[in-house]
1. Treating only the Cβ of Lys, Arg, Asp and Glu as charged (+1, +1, -1, -1), what charge dipole size does the stretch B:65-144 show about its Cα centre? Round to the nearest 20 debye.
2. Over all alpha-carbon pairs of the stretch B:105-252, lay out the pair-distance distribution in 10 Å bins, whole %, shortest bin first.
3. Calculated FRET efficiency, residue B:25 and residue A:450, Cβ-Cβ r, R0 22 Å, to nearest 0.05?
4. State the answer as a single residue: which of B:20, B:98, B:65 lies farthest towards the positive end of the charge dipole of the stretch B:1-117, with beta carbon charges of +1 for Lys and Arg and -1 for Asp and Glu, about the Cα centre.
5. Taking the Cα centre as origin and putting +1 on Lys and Arg beta-carbons and -1 on Asp and Glu beta-carbons, what dipole magnitude results for chain B, to the nearest 20 debye?
6. When a footprinting reagent is the concern and you count Cβ atoms within 10 Å, what order do B:15, A:158, A:26 take, fewest first?
7. Let me see the pair-distance distribution of the stretch A:324-467: every alpha carbon pair, 10 Å bin width, integer percents in order.
8. Can you give the Kirkwood hydrodynamic radius for the stretch B:20-69, in Å, rounded to one decimal and based on Cα pairs?
Amino acid sequence: MKLPDLTELALRNLRESVLRNSLTTIGISVGVASLVAMLSLGIGLQQLASRHLEKSGLFDTVIVTSRRDLRHNGREQNNSEPAPSESPTLDEAARAKMEHLPNVLEAYPDIRFITELRFEDKPHLTMVSALPESMKNNDAFEGMAGQFFTSTNADEAILQKSFAAELMGKDSKRGIDQYKAADFSSLLGKQITMRYAQRQAGAPVPETQDEKDVDELMDVPATAYSVVSREQKLTIVGIADLDPESMRGPTRGKVFLPLGLAESLHVMQPTDLRAIASSSSNQPTYSSISVRVKDPKQVESVENAIKKMGFNAFSILDATRSLRQFFAVLDLFLGIFGSLALAVASIGIVNTLVMAILERRREIGIMKAIGASDGDVRKLFFAEAGAMGILGGIAGVALGWTIGHVINFGTNIYLKRQALPPEHFWAVPWWLVGAAVAFAFVVSLVSGLYPAGRAARLDPVQALRYE
Amino acid sequence: MNSSSGSVGTERTAIRTHEVRRHYTMGQSVIRAVDGVSLEIAAGEFVALLGSSGSGKSSLLNLLAGLDRPTSGGVIVQGRELSKLSREELAHYRLHVVGMVFQSFNLIGSMTVAENVELPLRFAEVERSRRDTLALEALERVGLRARHDHRPSELSGGEQQRAALARALINRPQILLADEPTGNLDSRTGTEIMNLIREFNQQLGMTVVMVTHERVLAEKYAQRMIFLADGKLVDEQIVASAAAPGLEGRQP
Ligand SMILES: Nc1ncnc2c1ncn2[C@@H]1O[C@H](COP(=O)(O)OP(=O)(O)OP(=O)(O)O)[C@@H](O)[C@H]1O
Ligand SMILES: [Mg+2]
């Protein structure tokens with residue numbers, strides 16, 4: 001028999017005992033719904049987690065440091081890698097080279113230092129970090145008040161909400177989230193003075209101490225440069241609406257400067273000590289460089305390329321690997337629990353079809369007497385099982401989707417009461433819809449295996465004697 | 001319709017059985033439903049199988065129909081040894097070579113009359129449009145075209161048997177096997193059915209083997225009567241009044 005005929009006959013037979021078949025189909029749909037609900041929860045939670053991580057802007061970023069800085073961590077290093085002393089310096093040349101690696105968008109030095117800022121004659125000690133212009137489009141600056149830097153060399157600053165609160169004398173300890181960036185817009189356009197230590201190249205002094213001592217003492221050696229105290233006036237142009245507690249790489253500071261300006265200031269950074277001490281030239285070296293990659297998928301290859309250049313490279317991918325493993329295991333468990341309900345439903349299919357064989361014994365006998373082959377009868381029962389599977393699968397996906405949204409909705413009402421922002425932890429991707437229906441179809445076909453075989457083997461003479 | 005092809009070869013053998021047996025084992029005892037029957041039926045012949053209840057008529061017919069397999073002996077239909085056919089080939093044989101009509105009609109209650117009639121065409125994988133025309137044509141022949149959309153339960157016994165006849169003939173089988181086709185009908189509707197069967201026998205040259213326990217019916221329509229008792233062939237009679245197949249097309 002051909003497929004359209006099979007489908008037509010199967011649907012007709014399902015309609016004949018509509019109550020029993022509906023109940024069986026509902027059983028399947030409940031099974032599918034529980035599977036979809038479980039997996040959607042797993043996928044949704046995973047997406048929620050990666051959304052939060054991705055927002056950090058670190059997902060597509062590789063942080064590069066020099067091996068020399070980590071010399072004291074030598075034991076953790078792979079022996080096959082170049083010895084620290086042979087490792088190249090992290091200078092402008094290295095940065096340019098990284099920027100030319102395939103799939104790299106840009107490579108910029110991380111400039112970050114703690115310094116004093118004066119606002120309305122009050123000193124505030126805080127972490128300052130430099131931002132490249134590309135950060136303008138980063139999610140991290142979503143919902144900021146004011147605007148991004150006008151140029152990379154402008155004498156401008158962007159404050160983090162919590163620092164703005166500090167400047168305005170507000171208590172930021174008690175939940176900064178209750179403030180919006182816009183609450184501090186009165187600060188926009190005001191001046192702030194940054195006091196910082198500038199390093200300057202000086203006359204080289206013969207080195208007396210060996211390197212090891214320098215590393216351990218963390219002392220400023222009487223060598224190649226001097227430190228001068230400077231001041232820089234900055235105009236506040238923006239207040240970023242960021243969560244200061246979250247890990248956000250270059251956005252970890254509380255006050256941000258444009259990268260060009262920060263580079264030109266030659267601010268002394270804590271890591272300069274070692275770098276300068278071991279550097280033979282007067283070229284500035286960077287404590288670390290952020291390499292932004294076009295696509296998070298290429299992070300690993302870029303990371304490996306940088307390691308080959310002799311630097312240390314680190315990306316959030318390393319940190320999330322165990323997280324992803326956790327979610328894989330979670331999905332597996334949720335999937336197994338979800339499938340259990342479907343397994344129970346499949347017993348329902350077997351039961352329904354075996355009942356149908358008993359009831360339709362005579363009909364099967366008639367069909368065989370007028371020329372139906374074993375295969376025709378088998379296919380007919382398979383088609384009935386498959387039809388119940390597909391119908392149950394579709395209904396189940398709809399049911400699971402509804403359940404998920406109701407739970408998500410309910411949870412968000414709860415979150416709102418707790419003064420927390422709503423979250424979307426429920427996701428039913430299209431592949432899950434397709435896979436769930438296909439899985440229900442396959443499960444029902446497998447369940448139909450035994451009944452269909454039994455119906456096919458029925459002896460027509462016996463079946464016709466049956467009243 | 002082709003009315004002459006079958007009637008010419010009257011002497012050609014359509015069905016031959018050789019010492020065919022069908023024994024049922026019920027625990028200790030063995031029931032010899034068919035016990036060594038050898039017979040020959042010519043193509044285009046109308047044969048009646050007679051015998052008292054339990055004499056093995058239905059059992060023998062099932063063997064001829066390929067619905068059941070003999071315990072021993074052979075059934076040869078149109079030169080084919082049925083016991084050598086696979087299950088698949090037997091299904092094909094039932095679909096294309098023989099048509100079956102039962103005492104209890106055996107229509108499928110959940111389908112309309114037209115759907116019942118076209119069911120064998122579905123198994124034969126005939127296209128839908130062609131199926132519809134063939135089914136209506138067959139119903140036309142048995143005078144049921146107007147009722148094609150009804151369910152079997154909405155028809156009278158005679159109408160149901162006519163529908164069953166249309167179904168048996170839809171694939172144009174060479175052999176019609178009928179197991180007491182008038183058993184559940186009053187004599188008037190029974191005559192109606194018998195006339196139809198004779199029409200097919202005479203006009204299409206179809207071989208007919210009909211089981212009955214009414215000798216009157218057999219004498220009226222069949223050319224030959226075969227008597228069974230306890231599974232054995234006990235007597236054979238040529239019906240004198242019956243005309244040779246194909247020579248008399250007129251109905252009484
Ligand atoms: N499937 C079976 N299992 C056991 N015994 C059977 C089976 N089918 C038939 N028989 C027995 O074989 C014998 C012949 O049965 P069959 O149905 O062929 O008789 P019949 O001549 O058609 O009778 P009737 O005129 O009542 O229809 C009977 O004794 C019956 O009980
Ligand atoms: Mg009988």
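1. Dipole of the stretch B:65-144, to the nearest 20 debye: 220 debye.
2. Binned Cα distances yield the sequence 11, 38, 33, 15, 3.
3. 0.20
4. Result: B:20.
5. Value, rounded to 20: 260 debye.
6. Neighbour counts put them in this order, fewest first: A:26, B:15, A:158.
7. Bins of 10 Å from zero give 11, 29, 24, 16, 11, 6, 2, 0 percent of pairs.
8. 12.1
The numbers here are math on the coordinates, done by the rules we state, and not lab data. Just so it is clear, the structure is predicted and the values come from calculations on it, not from any experiment. Using ideal geometry, Cβ is built from the backbone for each residue, glycine included, and neighbour counts are taken over all protein chains shown.
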